[in-house]
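Structure record follows, encoded as structure tokens.
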Amino acid sequence: MNYRHAFHAGNFADVFKHAILARILVYLGQKDAAFRVIDTHAGEGFYDLSDARAEKTAEWRGGIGRLLEAAPPPQIAALLAPYLAAVAPLCRGTPPLYAGSPALALKLTRPQDRMVFCDAHPQVIAALRGHREFARDRRVKLVEIDGYRALNAFIPPRERRGLVVIDPPFESKTEFDDLKAALTLAVPKWPTGTYLIWFPVKDAAAVAGFRAGLVRALPDLGVKNALDLRLAVAAVQPDAPLAASGLIILNPPHTLAVEAQQILPYLAKTMAIMGQGDAEVAWLVRH
Ligand SMILES: C[S@@+](CC[C@H](N)C(=O)[O-])C[C@H]1O[C@@H](n2cnc3c(N)ncnc32)[C@H](O)[C@@H]1O
């Protein structure tokens, strides 16, 4: 467990993941009934962009840094507004901070909603506990636990609606298989939940195998709709730094495909390296 997100916070993959995460939370917040967020690989919550780890890679400059300098057309600005309202003031603060998935969830939920933030790394959970925002919020539970065990432990929640965020570090060669096995157990226990799954697009065969396995498995898990999103900021090359990532969303809000079709090409263009950005919005399975 060597992965530390502080090196990558606010990079193009975070912007992509968090812009979509924000749209899902906005959708869930449109009905009065409470919803639950379960974040299996939550990370530290806030990342200091002036710290040596963030400065070493400077990845955030090509991600949230670019987005904050850009002026999106009004329709896209409206779709990105909840995400940017949550992250921009912190990014422009002293020290500049990037809000990770738990911090974003905190901002985009209501008094009746509940959140469970899990991470297997003791220092990461200690960092989360060290932030008053999380420690003092009675809606929040912070748990040091393996993310896939957390799926088993916290699903189903008592709420009918909600979001599971699965954002593993992909340090293990079996991560795609472990992820699919965990989903196979969890989804039938909470078939009404939305599941947001992030993955790197580096090994084309592994990604294709993961997608194909899900297409075969999802009908038996009771999932009729799954969105398949990809965002690239450069051509994918073996052994080069991460240039593309994917999100699969099981049971997405019915509004999300159209929103992603507007947001993602803009993000790809804004964060592209040497003009090579590219985005795809497709259905993995569709009713
Ligand atoms: C990509 S980061 C999470 C970033 C966060 N979701 C966000 O969007 O701000 C992955 C996290 O997984 C944690 N991690 C590593 N192995 C884990 C495991 N087996 N179970 C749960 N968390 C794990 C790492 O400590 C790291 O904080």
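Kindly indicate the residue of region 7-19 that is closer than 19 Å to P89 by Cα and more than 9 Å from the ligand (Cβ to nearest atom) and also surrounded by the fewest Cβ atoms within 10 Å (Cβ to Cβ) among those meeting that condition.
Result: A19.
Could you give every pair whose Cβ atoms fall below 6 Å, whose first residue belongs to region 128-144 and is free of Cβ contacts under 8 Å to residues at least 12 places away in the same chain, and whose second residue is of a type outside the set (S, T, Y), counting only separations of at least 6 or pairs across chains?
Listed by first residue and then by second, the contacts come to A135/R129.
Of all residues in region 202-225, count the ones that are farther than 20 Å from G147 by Cβ and open to solvent by less than 20 Å² (accessible area, probe 1.4 Å).
Residues that pass the stated criteria total 1.
Go through region 165-197 residue by residue and tally those that are more than 10 Å from the ligand (Cβ to nearest atom), assigned to a loop (DSSP other than H, G, I, E, B) and either acidic (D, E) or more than 22 Å from N225 (Cβ to Cβ) (or both).
2
Against the definition (closer than 23 Å to M1 by Cβ and among the β-branched types (V, I, T)), how does V116 come out, yes or no?
Numbers: closer than 23 Å to M1 by Cβ: yes; among the β-branched types (V, I, T): yes.
Criteria met by V116.
Tell me, please, whether a residue that is farther than 23 Å from I125 by Cα, within 16 Å of the ligand (Cβ to nearest atom) and hydrophobic (A, V, I, L, M, F, W, C) can be found in region 44-65.
There is at least one residue in region 44-65 that is farther than 23 Å from I125 by Cα, within 16 Å of the ligand (Cβ to nearest atom) and hydrophobic (A, V, I, L, M, F, W, C).
Is it the case that G130 is within 16 Å of the ligand (Cβ to nearest atom), under 19 Å from the mean Cα position of the chain (by Cα), farther than 22 Å from A34 by Cβ and not basic (K, R)?
Values: within 16 Å of the ligand (Cβ to nearest atom): yes; under 19 Å from the mean Cα position of the chain (by Cα): no; farther than 22 Å from A34 by Cβ: yes; not basic (K, R): yes.
It is false that G130 is within 16 Å of the ligand (Cβ to nearest atom), under 19 Å from the mean Cα position of the chain (by Cα), farther than 22 Å from A34 by Cβ and not basic (K, R).
Does K189 satisfy being within 14 Å of V285 (Cβ to Cβ) and more than 16 Å from the chain's Cα centre (by Cα)?
Numbers: within 14 Å of V285 (Cβ to Cβ): no; more than 16 Å from the chain's Cα centre (by Cα): yes.
So K189 fails the test.
I'd like the full set of residues that are exposed (fewer than 15 other Cβ atoms within 10 Å of the Cβ) and either modelled with pLDDT under 95 or in a strand (DSSP E or B) (or both), limited to region 23-50.
S50
Identify, from the list E175, E159, the residue that is at pLDDT 95 or above, in contact with a Lys or Arg (Cβ under 6 Å, 6 or more places away or on another chain) and not aliphatic (A, V, I, L, M). I'd like the intermediate steps shown before the answer.
Numbers: E175 fails: in contact with a Lys or Arg (Cβ under 6 Å, 6 or more places away or on another chain).
Testing whether each residue is at pLDDT 95 or above, in contact with a Lys or Arg (Cβ under 6 Å, 6 or more places away or on another chain) and not aliphatic (A, V, I, L, M) leaves just E159.
Looking at L128, L97, L163, L104, which one is open to solvent by 30 Å² or more (accessible area, probe 1.4 Å) and not β-branched (V, I, T)? So that I can check it myself, show each step before the final result.
Values: L128 fails: open to solvent by 30 Å² or more (accessible area, probe 1.4 Å); L163 fails: open to solvent by 30 Å² or more (accessible area, probe 1.4 Å); L104 fails: open to solvent by 30 Å² or more (accessible area, probe 1.4 Å).
Result of the check over L128, L97, L163, L104: L97.
Considering region 53-78 alone, what residues qualify as being open to solvent by 30 Å² or more (accessible area, probe 1.4 Å) and farther than 12 Å from H8 by Cα?
Across region 53-78, the qualifying residues are R66, L68, E69, A70, A71, P72, P73, P74, Q75, A77, A78.
Quick one: what pairs do we get from region 220-233, first residue at positive phi, second assigned to a helix (DSSP H, G or I) and crowded, with 18+ Cβ neighbours inside 10 Å, C-beta under 8 Å, 6+ apart or different chains?
G222/V187
The values are calculated or read from the model by the stated rules, or taken from the named source; none is laboratory data. Worth saying up front: this structure is predicted, and the values here are computed from it rather than measured. Note: ideal-geometry Cβ built from the backbone for every residue, glycine included; neighbour counts use all protein chains shown. To get the accessible areas, we keep the full protein, side chains included, count just its heavy atoms, and leave off ligands, DNA and RNA. Shrake-Rupley method; radii C 1.70, N 1.55, O 1.52, S 1.80 Å.
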